[in-house]
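What follows is a short report on a single structure.
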Amino acid sequence: MVFPANVLGALDFSVIDTIDQFRAVIGRDFEAKAPTGTDILTHVASGEYRNRFALLRELGQNLYWVNRYTLPMFEKQPTRWRDVPRHRPDLFLPLLTPWEDADRKISAVESAYDALPARWDADAEDRVFALLFDVFRHKRHHATELPPIPPTVAEALARPEALTLVLPRHDPDYRVFTPDEILDANEEVPELEALLRWSMVLHNQYPWERSDGELRPVSTIGDDDFVILYHPRDREVLAFIDRVRAAESDAAPAATRQASVPAFDARPPVRPYPPVRVRETFTVMPKLEALSVVRGEHICSNDDVIRNSSFSWSPMSAAEISAKTGIDQRRYSGRPIEQLALDASLAALTHAGRAPEEIGAVLVATCTSDRLIPSTACWLSGELGMLQTHASVDLVAACAGLPYGLSEAVRLLQEVRRPVLLVCVEKFSDKIGSVRTSRMIFGDGAAAIVVAPAEPGDTGDVQVLQTYASGPGTEVNSIVWPNPEFDNDITVYGPEVKSLVRRYLAQMISELEEQSDPDASDRSLLDSIELIVPHQANKTMIVDLAGKAGLKEEQLYFNIATMGNVSAASIPIALHDAVTDGVITGPTRVFAPGFGAGAVGGYAVLTMDPAIIAPEAGPDGNGTASAMRTSVSTTSEDVRVAFGE
């Protein structure tokens, strides 16, 4: 499976307001990991490269850095000088500085490659080298001090002695790779497949006979010579350029200037928030009637992640991703998030034997919905044919979606005294961008639960509920979406996430130790727990922190290896899989803790009965669970659908 944004260097300029913001994005995505030509020369001289792959990777990162402004902003079009408009504000002509010590750097790279052993596949590495080195050896200009926005043609003409790239001729049919060729590139070794895509993208940045190019003063360009004209990629790029130029002329509107926001130290509440012991607090007991699951239909393995490594990533293998996260694959869907929710809802209602008109409220727990009006819950109510509900609302509690959703469902039961439909659903695949942290962990999926009033005298299935939110500002903002600083994609700040999980787990365990078992007052609630099904955030992290909190790994159930992190949907999908995997074979008391973005947290202590598990449907509504767990081959068209291309 292919992630186009990882190699194309695309940015959303609608969310970038200033040149400083743009420089920060470029610095992180293109510069932080990239060596300069001088760096590569130094690495060659010191014998740092142990094999050809190491050199190829740095060569690719260097060339992405050379194109750090043009890749996201401009299309390069060789144009006959006589045909170049002289006064348009939306056409740009780069002024360049000759590349220092070019011959020595080119010779060093060529000699080093010839002397180094292949890392995996000599033929594949040779193909990649041929593409990258042809670009590298014919690069004429120095790249360190390139301006983010080049001069317009008129501005370039005002500097007649400045240099630009000139071609004596140009073939408009010069061979470039099509988008499908880039997306469908294939090599047996995932790392080499990624490098092949890099080299194809970089080749397309120079769609002319490179050996013909030379740097010449603007004043010496002949009418029949060709220059490389830069065209903004789209209207958003041009609007960004206009904003920057307006700011440079002190014409920026005051509304674009951010006011400073006072920061306050995080202080604890005046008294703790006690857990909600359901039997002692409410009169209507909650009965779990059905739990259905819908998975993303596309399987993305760790090899797939590596096959599409971004040029901004440090080297990491598929095995290292598994060791770091506990994830071997994650699920992506071509269906919209609303469809995932609807499919799960229909399966849950069918299994519970409930008609839509019996449902008193619909709750949707999600942090990835693109829909604000109507809410996903209201949309879902309408699609299910519910003329009216007492409440249909979305809850944004991220990875604590299940405890938040169950808490609200149980409260609503007291009012409506009829079943509540709780849907936990996420679609991350079109929001994870090219940052490796997000690429590694997030997936798509949905779960729906029918929570109904228990019969008189029945103690119900939910014993204790607790929710938390907030914390130090660093933890509150540990996961951000949309994030303008990361092209409006989801962003994860790992150390801060680990901090909030550590804080909440310790608090949760303390509360369980302090409470008595609702069914046996002579033991603690913690001692009554038979299985722990945590939010599937990162297995390695959770096992480590749970151990420090006094829990044993064998007490914990994980399905993260095959599902990834599905945020609000992760716990209910894991509960489902604990049954299908034979871990839960009869009514079992489960502790289900969740924690995540916004420094939210919470848990549910509930009885999980295998009888509530609904048959799992495929993407067409007719499949089975076993069919859905079978790997699916994908094409470039599947990818476009899954990622909204």
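The values are calculated or read from the model by the stated rules, or taken from the named source; none is laboratory data. Since the structure is predicted, the reported quantities are computational estimates derived from the model, not experimental observations. Positions of Cβ are generated from backbone atoms using ideal geometry, with glycine treated the same way; all protein chains shown enter the neighbour counts. With ligands, DNA and RNA removed, areas are computed over all heavy atoms of the protein, side chains included. Shrake-Rupley method; radii C 1.70, N 1.55, O 1.52, S 1.80 Å.
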Residue-wise, which Karplus ³J(HN,Hα) couplings in Hz belong to segment 393-403, taking 6.51 cos²θ - 1.76 cosθ + 1.60, θ = phi - 60°, and x for glycine or proline? 9, 8, 10, 9, 10, 6, 6, 9, x, 5, x
Based on the alpha-carbon gyration tensor of segment 253-382 and its eigenvalue square roots a ≥ b ≥ c, which shape applies: rounded if a/c is under 1.5, prolate if not and a/b is larger than b/c, or oblate? oblate
By the Cα gyration tensor axes a ≥ b ≥ c (a/c under 1.5 gives rounded; else a/b larger than b/c gives prolate, otherwise oblate), the shape of segment 1-142 is prolate
Ala118 versus Glu357, label points 7 Å from Cα toward the beta carbon: distance in nm? 7.0
In whole Å, how far is the Cα centre of segment 556-612 from that of segment 433-457? 9
Okay, helix-only estimate at 222 nm for the chain: each DSSP H run of n ≥ 4 adds -39500 (n - 2.57), divide by all residues, round to 500 deg cm²/dmol; what do you get? -10500 deg cm²/dmol
In Å, what is the Rg of the alpha-carbon atoms in the chain, and how long is Dmax? 28.5, 95
Collect residues whose amide H, placed 1.01 Å from N in the peptide plane, falls under 5 Å from the amide H of Leu96; neighbours closer than 5 in sequence don't count. Leu163, Thr164
Restricting to Cα atoms and excluding each atom paired with itself, what does the Kirkwood estimate give for segment 127-166 in Å? 12.6
Row for segment 431-502, column shape: gyration tensor on C-alpha, a ≥ b ≥ c, rounded if a/c < 1.5 i.e. under 1.5, prolate if a/b over b/c, else oblate; value prolate
Measure out, as a whole number of angstrom, how far apart the alpha-carbon centroids of segment 30-61 and segment 507-550 sit. 48
Karplus 3J(HN,Hα) series, Hz, for segment 97-103 with 6.51 cos²θ - 1.76 cosθ + 1.60 (x for Gly, Pro): 10, x, 5, 6, 6, 4, 4
When each of Lys76/Lys431; Lys324/Lys498; Lys427/Lys552; Lys498/Lys548 is checked by Cα-Cα distance, pairs over 24 Å: Lys76/Lys431; Lys427/Lys552
Give me, ordered by chain and number, the residues 5 or more places off Thr588 or on other chains with an amide H under 5 Å from its own placed amide H. Met608, Asp609
Write down the accessible area per residue of the chain in Å², having rolled a 1.4 Å probe over the full set of protein chains. 42
A correct Karplus calculation of ³J(HN,Hα) over segment 545-558, with 6.51 cos²θ - 1.76 cosθ + 1.60, θ = phi - 60°, whole Hz and x for Gly and Pro, returns 6, 5, x, 5, 8, x, 9, 9, 4, 5, 7, 9, 10, 10
For segment 348-427, I need the span (max minus min coordinate) of the C-alpha atoms along each principal axis, in Å, sorted largest to smallest. 28, 24, 23
Would you list which aspartates and glutamates come within 18 Å of Lys539, measuring only between C-alpha atoms, while excluding same-chain residues fewer than 8 positions from it? Glu320, Asp328, Asp444, Glu496, Glu553, Glu554, Asp577, Asp581
Using modelled amide H (1.01 Å from N, peptide plane; none on Pro or chain starts), what sits under 5 Å from the amide H of Glu616, excluding residues fewer than 5 places away? Ala625
Quick calc, the chain, dipole around Cα centre from Cβ unit charges on Lys, Arg (+) and Asp, Glu (-), nearest 20 debye, gives 1080
For the chain, give the percent of accessible area contributed by carbon and sulfur heavy atoms, probe 1.4 Å, rounded to a whole number. 50
Whenever you get a sec, line up His142, His576 from highest to lowest accessible area (probe 1.4 Å, protein heavy atoms). His142, His576
Once every Cα of segment 71-203 carries one equal point scatterer and solvent is ignored, give the base-10 log of I(q)/I(0) from the Debye formula at q = 0.13, 0.17, 0.21 Å⁻¹, two decimals. -0.75, -1.12, -1.35
Give the relative contact order (percent, whole number) for the chain; include only Cα pairs under 8 Å separated by 6+ residues. 17
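So, counting K/R as plus one and D/E as minus one, what does the shell of residues with Cβ under 9 Å around Leu363 add up to? Present the calculation step by step, with values, prior to reporting the outcome.
Numbers: positive: none; negative: Asp394, Glu408.
Neighbour charge sum, excluding Leu363 itself: -2.
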